[in-house]
């Protein structure tokens, strides 16, 4: 498929941050839900090669992206936890 090299730059950053923030997840659904909520609150930034993106960004831009990811993941964890408490078994 010709588009297989295209991906959202934020995806791997979010996945990594979730794994670092939630080392012992409740279950895979929790992790998936947090990732979806976080990614839906971040802008799409499509790239062919993550290395290219990192190479062309300034340290200020990298810090801004990392900050956005940190906030989005924290808010997503809070949101998913709140909705699991309000509606057990549903996300």
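Looking at (1) loosely packed, with under 12 Cβ neighbours inside 10 Å; (2) in contact (Cβ under 8 Å) with a residue 12 or more places away in the chain, find the lone condition where residue 3 falls short.
Going through the list (1) loosely packed, with under 12 Cβ neighbours inside 10 Å; (2) in contact (Cβ under 8 Å) with a residue 12 or more places away in the chain, residue 3 breaks only (2).
Can you name the residue in the stretch 27-54 that is more than 11 Å from the chain's Cα centre (by Cα) and either closer than 14 Å to residue 76 by Cβ or free of Cβ contacts under 8 Å to residues at least 24 places away in the same chain (or both) and, of all such residues, is surrounded by the most Cβ atoms within 10 Å (Cβ to Cβ)?
Ranking the candidates gives 30 first.
Read-outs throughout are calculated quantities, based only on the coordinates presented, and are distinct from any laboratory measurement. All values derive from a computational prediction rather than experimental measurement. Neighbour counts are summed over all protein chains in view; Cβ atoms, including those assigned to glycine, are modelled from backbone coordinates with ideal geometry.
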